[in-house]
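Engineer: Quick one: the structure is below, questions incoming.
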Amino acid sequence: MRNNSAKRKLAAGKPVSVVAPTYSAPGLVELLGRQGYDVIFIDCEHGPPSWDAVEDMVRAAELCDVTPIVRVQSHDPSTITRALDRGAGGVQVPHVNTRAEAEAVVRHAKFAPIGHRGFAGGRSAFGEVMHDYTRRANDETMVVVMLEEMEALHNLDDILQTKHVDVFFVAPGDLAQSMGHPGQMDHPAVQAAIDDAVKRIRAVGRAPGVLSTPATVRRYLDLGALFLYVGLAAVLAPGTKDFLGAFPRS
């Protein structure tokens, strides 16, 4: 069980950088890991990785001492366990709308006495003494819950009472849909709801997560976000624009 450097940064109140390679490519994970990001985000909800690919991407992240976080496709306990048994440093779970759902996620991701994660261990337990492994796994595993609907924001104060959640991630895409603005993540009402949620999360000493871009990351840092996700395409776009802009137009 590896030490989770991203979890330690969050616990110290320091912001964590998160990049999503998008594609099932261990080599790309290693390349991004060498750039200095804190977390590699492996997406099994919308992304293509198989479980074999997840395991190889986790290995590539470990080569660079970067924390691999797997977004699973549901709250299903076997899915959460399978991601963690592949060696993921944590799970990010979508569509958490109530405290009861957040508490269930924690139970699925943590061994007793905190939860009832299914006991197997997988590669995450290689070389570990089993009775010590469960304690270390509980200490090192990150839990990120995604707040993606207005229902979650209405229940936010209650959800924030959930123990052992490391990040409360306010996701703009489905939030915009639930607010009647599908595809309009930059709509003023959506942005106001995100900003308000980030402030409320920080006000009670918990860690907010957001989707950011090179253009918005400083604003979110100033607002108090601590888990800042960026997609690979958003990172590539500015550099590509500058590079191609140097070529004469035909």
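The values are calculated or read from the model by the stated rules, or taken from the named source; none is laboratory data. Bear in mind the structure is a predicted one, so any value in this text is a computation, not a measurement. Cβ: placed from backbone, ideal geometry, glycine included. Neighbour counts: every protein chain shown.
Engineer: If the Cβ limit is 6 Å and pairs must be 6+ apart or interchain, which residue in the stretch 133-153 that is within 17 Å of Arg107 (Cβ to Cβ) and in contact (Cβ under 8 Å) with a residue 12 or more places away in the chain pairs with which residue that is surrounded by 18 or more Cβ atoms within 10 Å (Cβ to Cβ) and acidic (Asp, Glu)?
Structural biologist: Met142/Asp166; Val143/Asp166
Engineer: Additional query: Kindly establish whether Ser250 is within 18 Å of Thr67 (Cβ to Cβ) and among the polar types (S, T, N, Q).
Structural biologist: Considered against the rule, which asks whether it is within 18 Å of Thr67 (Cβ to Cβ) and among the polar types (S, T, N, Q), Ser250 comes out as no.
Engineer: Before we move on, is Lys9 out of contact with any Lys or Arg (no Cβ under 9 Å at 6 or more places or on another chain), at pLDDT 95 or above and surrounded by fewer than 23 Cβ atoms within 10 Å (Cβ to Cβ)?
Structural biologist: On the way: out of contact with any Lys or Arg (no Cβ under 9 Å at 6 or more places or on another chain): yes; at pLDDT 95 or above: yes; surrounded by fewer than 23 Cβ atoms within 10 Å (Cβ to Cβ): yes.
For Lys9, the condition - out of contact with any Lys or Arg (no Cβ under 9 Å at 6 or more places or on another chain), at pLDDT 95 or above and surrounded by fewer than 23 Cβ atoms within 10 Å (Cβ to Cβ) - is met.
Engineer: Being surrounded by fewer than 17 Cβ atoms within 10 Å (Cβ to Cβ) and out of contact with any Cys (no Cβ under 6 Å at 6 or more places or on another chain) narrows it down to one of Arg219, Arg206, so name that one.
Structural biologist: Testing whether each residue is surrounded by fewer than 17 Cβ atoms within 10 Å (Cβ to Cβ) and out of contact with any Cys (no Cβ under 6 Å at 6 or more places or on another chain) leaves just Arg219.
Engineer: Mind telling me which of the residues Met150, Met146, Met185 ends up being at pLDDT below 95, aliphatic (A, V, I, L, M) and over 23 Å from Leu28 (Cβ atoms)?
Structural biologist: Working: Met150 fails: at pLDDT below 95; Met146 fails: at pLDDT below 95.
After applying the criteria, what remains is Met185.
Engineer: What residue, among those in the stretch 161-176 that are among the hydrophobic types (A, V, I, L, M, F, W, C) and either modelled with pLDDT under 95 or within 17 Å of the chain's Cα centre (by Cα) (or both), is nearest to His108 (Cα to Cα)?
Structural biologist: Our first condition is that a residue be among the hydrophobic types (A, V, I, L, M, F, W, C); within the stretch 161-176, this holds for 165, 167-171, 175-176.
Imposing the further condition that a residue be either modelled with pLDDT under 95 or within 17 Å of the chain's Cα centre (by Cα) (or both) reduces the set to 165, 167-171, 175.
Details: Val165: 12, Val167: 16, Phe168: 17, Phe169: 18, Val170: 21, Ala171: 22, Leu175: 25 Å.
Top of the filtered list is Val165.
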